[in-house]
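See below for the structure under consideration.
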Amino acid sequence: MTTVRFLGIGEPKPKRSIRLPLWLVSYVQAMPLTLVLGAFLLLPLIMIITVSFWDYDFAQMYPDFVTFNYTETLGSWVTWKIYYNTLRYAFLVWAITLFIGFWVAYFLAFHIRTSAMQMVLFLVCTVPFLTSNIIRMISWIPVLGRNGLINTALINSGAVSEPVEWLLYSDFAVVLAMVHLYTLFMVTPIFNTLMRIDKSLVEAARDAGASSWQVLTNVILPLAKPGMAIGTIFVVTLVMADFSTVQVMSGGQSASVALMMKNQMSLLQYPAAAANAVVLLVLVLLMVAGILRIVDIRKEL
């Protein structure tokens, strides 16, 4: 016997669920992030590239399509020297922060037994970041100056007869300040990677007769490469975009690409600064692409 059900006058009709195709669902889910990246990343890049081809004078810019901004940037030996200086800073700071950052992260991950103490010591490393970069950078001036702590100690101990001049307002001071500012950006990703290493791998290597050095070079370092690559990207990009540290700690005696762009913008030479920004962006992207070809960091993201 078949039962027939009639809907009453006030009874609502059953709702039909609308199912989107799977390919359309993916696009809908990615739409918010696409809009954010388009508005705050892609659109500014397009504007910078567009302005880099404009003409300008001492007062204003003129919409045009000229290439002399790039020819002046790439055809001047002064600009090449500034780019070399920037790359030199990036390499020195990267090498020092990688050395310091790895050993700090290694100590926290493998020599501190309790997780609570690891977190406490890691938070201690972040204490300097409670102040601004400018304050941490300027704090080196009374330490490295002619009448600073180091020179006073050296003169009082008889090690030197007069103050050491190259401690402040030099490349040494610039690199030292940058290492102080950016070491934590190397410590954090390496520490995160080392904490994910299965400790049984280290124990198995030691049971097989491997020395501490062999465990470090054959087990820990290969597994720590993704964290080291991420830290490298952080440090290199931050150094190449830093202009305040170079300006203050070198006393105006050295230059970087970011400082050159800052000076160009202060002189209202926005197209020239945009051209330098495009060249610097391409250079950084090539370096990042080279790192990603060597090390796969997808597991760490």
Exercise. Could you check how many residues of region 155-185 are part of a helix (DSSP H, G or I) and surrounded by fewer than 17 Cβ atoms within 10 Å (Cβ to Cβ)?
Key: 6
Practice problem: Return the pairs, sorted by first residue and then second, in which the second residue is surrounded by 13 or more Cβ atoms within 10 Å (Cβ to Cβ) and in a helix (DSSP H, G or I), the first residue lies in region 199-220 and is among the basic types (Lys, Arg), the beta carbons are less than 8 Å apart, and the residues are 6+ apart or on different chains. | Solution: ARG206/VAL215
Quiz item: Of everything in region 186-196 that's in a helix (DSSP H, G or I) and surrounded by fewer than 21 Cβ atoms within 10 Å (Cβ to Cβ), which residue is farthest from the chain's Cα centre (by Cα)?
Solution: MET195
Exercise. Under 9 Å between Cβ atoms, at least 6 apart or on separate chains: pull out the pairs that start in region 81-98 with a residue that is over 18 Å from PHE185 (Cβ atoms) and end on any residue that is part of a helix (DSSP H, G or I) and of a type in the set (D, E, K, R).
Key: ASN85/ASP171; ARG88/ASP171
Quiz item: Could you say whether any residue in region 117-126 is closer than 24 Å to VAL248 by Cα and surrounded by fewer than 16 Cβ atoms within 10 Å (Cβ to Cβ)?
Solution: yes
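Would you point out which residue out of SER161, SER170 is touching a residue at least 60 places away in the same chain (Cβ under 8 Å) and either over 30 Å from MET117 (Cβ atoms) or touching a strand residue (DSSP E or B) at 6+ places or on another chain (Cβ under 6 Å) (or both)?
Details: SER161 fails: touching a residue at least 60 places away in the same chain (Cβ under 8 Å).
None of the other options fit; the residue is SER170.
Kindly provide the set of residues from region 197-252 that are assigned to a loop (DSSP other than H, G, I, E, B) and over 25 Å from the mean Cα position of the chain (by Cα), ordered by number.
Taking region 197-252 as the starting set, the residues that turn out to be assigned to a loop (DSSP other than H, G, I, E, B) are 197-198, 208-211, 241-243, 250-252.
ASP198, ALA208, GLY209, ALA210, SER211 - these are the residues of region 197-252 that are assigned to a loop (DSSP other than H, G, I, E, B) and over 25 Å from the mean Cα position of the chain (by Cα).
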Exercise. Inspect all residues belonging to region 287-297 and state whether any of them is charged (D, E, K, R), under 18 Å from the mean Cα position of the chain (by Cα) and surrounded by 12 or more Cβ atoms within 10 Å (Cβ to Cβ).
Key: no
Practice problem: Would you check if there is a residue in region 110-121 being in a helix (DSSP H, G or I), under 27 Å from the mean Cα position of the chain (by Cα), closer than 20 Å to HIS180 by Cβ and not small (Gly, Ala, Ser)? | Solution: yes
Quiz item: Any residue in region 266-284 that is over 16 Å from the mean Cα position of the chain (by Cα), surrounded by fewer than 16 Cβ atoms within 10 Å (Cβ to Cβ), modelled with pLDDT under 90 and not small (Gly, Ala, Ser)?
Solution: yes
Self-check item: Residues of region 253-266 satisfying the condition of being without any contact (Cβ under 8 Å) to a residue 12 or more places away in the chain and of a type outside the set (S, T, N, Q)
Solution: MET265
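Just checking, which of ILE297, ILE233, ILE220, ILE291 is in contact with a Gly (Cβ under 9 Å, 6 or more places away or on another chain) and of a type in the set (Val, Ile, Thr)? If you could, list the steps in order and put the result at the bottom.
Details: ILE233 fails: in contact with a Gly (Cβ under 9 Å, 6 or more places away or on another chain); ILE220 fails: in contact with a Gly (Cβ under 9 Å, 6 or more places away or on another chain); ILE291 fails: in contact with a Gly (Cβ under 9 Å, 6 or more places away or on another chain).
Just one listed residue meets the conditions, ILE297.
Tell me which residues, restricted to region 237-251, are in contact (Cβ under 8 Å) with a residue 40 or more places away in the chain and surrounded by fewer than 23 Cβ atoms within 10 Å (Cβ to Cβ).
Our first condition is that a residue be in contact (Cβ under 8 Å) with a residue 40 or more places away in the chain; within region 237-251, this holds for 237-240, 242, 244-246, 248-251.
Answer for region 237-251, where residues must be in contact (Cβ under 8 Å) with a residue 40 or more places away in the chain and surrounded by fewer than 23 Cβ atoms within 10 Å (Cβ to Cβ): THR237, LEU238, MET240, SER244, VAL248, SER250, GLY251.
The values are calculated or read from the model by the stated rules, or taken from the named source; none is laboratory data. These numbers were taken from a predicted model, which means no experiment stands behind them. Ideal geometry is used to build each Cβ from the backbone, glycine not excepted, and the neighbour counts take in all protein chains shown.
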